[in-house]
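Q: Here it is, the structure, as structure tokens.
Every read-out reported here was derived from the displayed coordinates using simple, explicitly stated rules and does not represent laboratory data. Note that the structure is a prediction, hence the values are computed from the model and not measured. Note: ideal-geometry Cβ built from the backbone for every residue, glycine included; neighbour counts use all protein chains shown.
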Amino acid sequence: MKRSRLLVLVISLVLVLSMLLVASGCGTQAEEPKEEEPQASEPAKEEEKETAAWPQKPIEMTVPYSPGGGSDRLGRFIVKVIEQNNLLPEPIQVVNKPGGSGSVGSTYVAQNPGDAYKILTFITGQMTAPMTGMGTYSWRDFTPIARLALDEFLLLVHKDSPYQSLEEVLEAAKQKPGEFTVGGTALGAEDNMVVGMLENAAGVDFNYIPFDSGGEVNTNLMGKQIDSGIFNPNEAIGAIESGDFRPLVVFREERLKDLPDVPTAKELGYDVTFQMFRGVVGPKDMPEEAVKTMQEVLKKVSEDADWQENYIKRNMLTSAYLPGEEFGAYMAKIEPGLIDVLKAIGVYKGK
Amino acid sequence: METLQLLLQGLSTALTPINVLMATIGVILGAIIGALPGIGSATGVAVLLPITYGMNPITAVILLAGVYYGAMYGGSISAILINAPGDPAAVMTSLDGHPLAQQGRAGHAFTVASGSSFIGGTFGIIMLTFLAPSLARWALNFGPPEYFALMVMGLTTLTGLAGDSPIKGLISTFFGLMLAMVGLDIVSGVGRYTYGVLELLDGIDFLPVVMGLFGVAEVLAGMESMAYGEMITSKVGLRNMFPKAREFFSLWKAWIRGAIIGFAIGVLPGAGATMASFMAYATEKNFSRTPQRFGKGHLPGVAAPEAANNAASAGAMVPLLALGIPGSATTAVLLGAFMMYGLRPGPLLFAQRPDFAWAAIASMYVGNILLAIMIIVFIPLFVRVLLTPKNILMPLIIVITLVGTFSIRNNLIDVWIALIFGVIGYLFKKLKIPAAPLVLALVLGPLAEKTMRLSLMLSQGSFSIFFTRPIALVLMIAAFAALVIPIIIQLRASRSVKNGS
Amino acid sequence: MKKAEIITALIFLALGVYFITTSYTTYQYLLDNKPGPGFLPRYIGWGMVTSAALYLMSTLRQTSFPKNWFPTDRAAHLRILTIISGGLAMTLLLDILGTFLSVALFMGILTWYLGNRSILAIIGVAIGTSLVVQFIFIKWLMIPLPSGILGF
């Protein structure tokens, strides 16, 4: 794959140059590129077709967020593992279609029911987007292929902050309702939901500041512009290790293996657990065979050593492979809870 | 001294044959990607990521940094040749670069662009080398209020872009601000002026607008007459390729101003190279004794933004390397790449992996030199593009612009936007309404609104937050000065002309 | 030119008024005592109304206008219309004919229309451009340009 892309590049370069030269009347050099042209067919031959019926052409993986985000990383890592281990005879092409909290990309895939070659990275936020009025396709309009991982949420303060524990934070928030700032990524986003759940459980009112991305929350907490921030661990782990940020609580059933000193909200007496899932879905009525094959492939991906070490462990995720139907059942199970939280933070616009 | 030693070690890594080779490949690929309209460095790096699988992480990052860097140089190529900026940061380059090409001085424009890029980039890397950690800490003082003040300053420096008629400049600015209001409101979650179109929820991306206002509109204007412009009659011999040394070096002031502005803005996470080049251009025009020459093919109008956008791209590496915070879309992709190779960027990166951090920095020096040489070598080839018969070149520009526009978000709606703004841009041209303020307003508008509203959330609704914080206050004063000083200068100039005569 | 400038000013004036109206009717000006979604649109609307009014007044007062500000030549009008509608048609056809054919058609037809009568050049340019788009954008940069009903 790697070599064939480079080859294609060389050929296309030669083509462009020759076009420019021909166009500008430099006829003599036009012969040159033609000699190299036979190479064009090489990449196609290079990959031996396996006997499997699916896939017979490249698969398009839509990532409904911008390059550099968490979903982009998920998609590109999946492709990396698949390519390194030759798990599929055809390449997977990652396509970023950002917009509308993931709903632009989701809509694009949902509009192609029965297509066996369009898959989509899918996270909790895409499940809740239509509930907040963005996009019309619910998670039931997709074929669940596999859930791969669960991501956690941490509440962090700056190392110079006077607050040493969740209790102190909640106490401060009680003193001045609506003034204690918590930085997050967007109104109605997963982290906003966690904050909403904590507010409900503790009977406090935070001042949730919707920055655009985890990176911005990071900058602003580092610069002490906000009292606290809510993060996925991978967004802040560098700063936790260096001691710049102090983690106060994790919203999970058990403590994180890598941060054994950080208590869970449950231990502290607040029943708030929230994990966001990261998985892959296809459009409705995706052919059975494609779903099965892709499930197998993603299972192998989730067991790959490189994946476990450099994706799961490094991003502090929980590896949580669930194949198709179980993934669907999981979403059905968490749906009512999500709706309740969205209602509580006042962004629910469901039917 | 310790820094120098580490840098030398980094250089010895960066100068191994394989790494030089990869840096070369990286900058060439980057320059090509940058030259294609629409495809920015973020997409470029993301798309090229798979090529680096299986490489040694240092080599991989050297290649990717080369792509990032090369895109900044490449963006100016299409901006100068066909008035369709290849990279958002090159918008300002086209304002004077394309007129230069039309006057048969494309070679001069390229030389100045690559020379200024080299100087701006090198300045940025030197600052990055010696001051990264302290600069990164300084940049943290910028919270939402400071950013808002900065955006206001950006908008007031618009006076420098207004062209001949200030009223038309204002119309253009407010039209840009109106377009900037389209999209999801971050605080209430209401979709504003989207009329149910899902793709508009994230607002109108400014790149398709630029592609229309500049690239498509230029083609429409070119259709007025099928006769060739001066560009075709002028010679493309080697002698006419390069400007005179004196003319070239007289640009030093523009370089210094551009590089400093570019780097300072680049260091701030989120502001970026686009804004840096706008501000540098506006400042240059405000400082100039001959502001009326800008926009008609004035060399400082190419030098300042090019120096600025390259200094900014080096500056954007500061928060990434020093704090592990991505300051721009591209650095976010680079951050993802770091993690894919098992590196953990963060405040500890320099401490834990000095070999890696310093090799990456050192490779930027190497890449910068490679690029400057390459662009100069290829200038005669670029200029040949202008010799393409008009009946081929014009449709070709439309194809490349529209395909490039599609690739921004892989969405056809952007192509429609580019076509619509092509027509609007052509009418603007005819009515002599400047397009640059519209673009800047569209870039700054959403940021200004967001930072203003976040600030007021932080301050519980009190506007005093913009004037009680020292940096914000200074920036606000500077913003006011940027508005007033050019007017005073103009008044004085007109008075002294009167007195003199 | 005067007429065109007056029309332009009036269009922008209307846009400004529209923005001000929406900030009263559709989008809230204040939200919990903080600026809401209608806050900035109101000021931007007023700014636009003011500058459009200034534009209108200065145009009305202005006496001399540049001549030939718009090409008078009919052929030029046709060329401009053709290339922009060509671009529109190409975009519309992307989903039906696919990128390769749409681009080739656009290039071929326009090159011919703009006065190139060498069949070889037309075919060469049409296929050459499509190949470049195919290789650089679709194969190398992996940009999913639409493929038509024929599958490419």
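Q: What net charge do the residues around B:Leu179 carry, taking every other residue with its C-beta under 14 Å from that of B:Leu179, with Lys and Arg at +1 and Asp and Glu at -1? Walk me through the numbers before you get to the answer.
A: Numbers: positive: B:Arg192; negative: B:Asp202, B:Asp205, B:Asp414, B:Glu449.
Local charge sum for B:Leu179: -3.
Q: As a check on your grasp of the helix formula, calculate [θ] at 222 nm for chain B: sum -39500 (n - 2.57) over DSSP H runs of n ≥ 4, divide by the residue count, round to the nearest 500.
A: The helix contribution divided over chain B gives -23500 deg cm²/dmol.
Q: Here's a follow-up. Is the shape of segment A:183-255 best called rounded, prolate or oblate, per the rule: a/c under 1.5 gives rounded, else a/b larger than b/c gives prolate, else oblate, with a ≥ b ≥ c the square roots of the Cα gyration tensor eigenvalues?
A: oblate
Q: Moving on to the next point. Applying 1/(1 + (r/R0)^6) with R0 = 41 Å to the Cβ-Cβ distance of B:Asp355 and A:Ala344, what FRET efficiency is obtained, to the nearest 0.05?
A: That pair, B:Asp355 with A:Ala344, gives E of 0.25.
Q: Just to confirm the filter: which trypsin sites (Lys or Arg not before Pro) across segment A:121-201 are DSSP coil and have at most 16 other Cβ within 10 angstrom of their Cβ? Intermediate results must be reported in sequence, preceding the final value.
A: On the way: sites: A:Arg140, A:Arg147, A:Lys159, A:Lys174; in loops: A:Lys159.
Within segment A:121-201, the qualifying trypsin sites (Lys or Arg not before Pro) (loop, at most 16 other Cβ atoms within 10 Å) are A:Lys159.
Q: Quick one: if the Förster radius is 25 Å, what FRET efficiency do C:His77 and C:Ile11 give, using the C-beta to C-beta distance and rounding to 0.05?
A: 0.75
Q: Among the listed pairs A:Lys97/B:Lys450; A:Lys174/B:Lys450; A:Lys80/A:Lys118; B:Lys244/B:Lys390; A:Lys266/A:Lys313, give every one whose C-alpha distance is greater than 26 Å.
A: A:Lys174/B:Lys450; B:Lys244/B:Lys390
Q: Just from its helices, what would the mean residue ellipticity at 222 nm be for chain C, if runs of 4 or more DSSP H residues each count -39500 (n - 2.57) and the sum is divided by every residue, rounded to the nearest 500 deg cm²/dmol?
A: Estimated from H runs of four or more residues: -23500 deg cm²/dmol.
Q: Take every residue in peptide A:90-99, count the Cβ atoms of other chains within 10 Å of its Cβ, and give the average of those counts.
A: Rounded to a whole number, the mean comes out at 5.
Q: Let a ≥ b ≥ c be the square roots of the eigenvalues of the Cα gyration tensor of segment B:433-473; is it rounded (a/c under 1.5), or, if not, prolate (a/b larger than b/c) or oblate?
A: Cα axes put segment B:433-473 in the prolate bin.
Q: Straight distance only, please: which aspartates and glutamates reach the Cα of A:Lys284 with their own Cα at less than 14 Å, same-chain residues fewer than 8 apart left out?
A: A:Asp115, A:Asp141, A:Glu325
Q: Long-range amide H contacts for A:Phe122: which residues qualify at under 5 Å (H placed 1.01 Å from N, peptide plane, sequence gap of 5 or more or a different chain)?
A: A:Gly279, A:Val280, A:Val281
Q: Something else now. Report for the protein assembly as shown the percent antiparallel among DSSP-assigned beta bridges with both residues inside it, nearest 5.
A: Values: 28 of 43 bridges.
Around 65 percent antiparallel, to the nearest 5.
Q: Could I have the simple spin-label model distance between A:Ser165 and C:Ala4, label points 7 Å from Cα toward Cβ, reported in nm to one decimal?
A: It is 7.4 nm.
Q: Using the beta-carbon distance between A:Arg255 and C:Thr63 and R0 = 60 Å, what value does 1/(1 + (r/R0)^6) give for FRET efficiency, to the nearest 0.05? Working shown, then result.
A: Numbers: r = 81 Å, r/R0 = 1.34.
It comes to 0.15.
Q: Follow-up. Want the number for B:Arg492 to B:Phe463: 0.36 nm per residue separation, take away the alpha-carbon distance, what's left?
A: Values: separation 29, 0.36 × 29 = 10.44 nm, distance 3.49 nm.
Roughly 7.0 nm would be gained on extension.
Q: For C:Lys2, which lysines qualify as cross-link partners when the Cα separation must be under 16 Å and same-chain residues fewer than eight apart are set aside?
A: In chain and number order, the partners are B:Lys168, B:Lys429, B:Lys430, B:Lys432, C:Lys67.
Q: Go through B:Phe338, C:Leu150, A:Gly188 and say which Cα lies farthest out towards the positive end of the charge dipole of the protein assembly as shown; charges sit on Cβ, +1 for Lys and Arg, -1 for Asp and Glu.
A: C:Leu150
Q: Name the shape class, rounded, prolate or oblate, that the alpha-carbon gyration tensor gives for segment C:74-140, where a ≥ b ≥ c are the square roots of its eigenvalues, rounded holds for a/c under 1.5, and otherwise prolate holds if a/b is larger than b/c and oblate otherwise.
A: Oblate.
Q: Within a 10 angstrom radius of each residue's Cβ in A:197-205, how many Cβ atoms of other chains show up on average? Whole number is fine.
A: 0
Q: If you don't mind, another one. Place the peptides B:214-225, A:192-203 in order of packing, highest mean first, counting for every residue the other Cβ atoms within 10 Å and averaging per peptide. Spell out each step's value before the answer.
A: On the way: B:214-225: 22.8, A:192-203: 20.8.
For the peptides B:214-225, A:192-203, the packing ranking is B:214-225, A:192-203.
Q: Shielding of A:222-231 by partners, i.e. mean partner chain Cβ atoms within 10 Å per residue?
A: 4
Q: So if I take the centroid of the Cα atoms in segment B:270-327 and the same for segment C:89-135, what is the distance between those two points in Å?
A: 37
Q: Given the peptides A:297-308, B:415-426, arrange them by the average over their residues of other C-beta atoms within 10 Å, most packed first.
A: B:415-426, A:297-308
Q: Along the Cα-to-C-beta direction of C:Thr26, a point sits 7 Å from the Cα; which residues of segment A:90-105 have their amide N less than 19 Å from that point?
A: Backbone N within reach: A:100.
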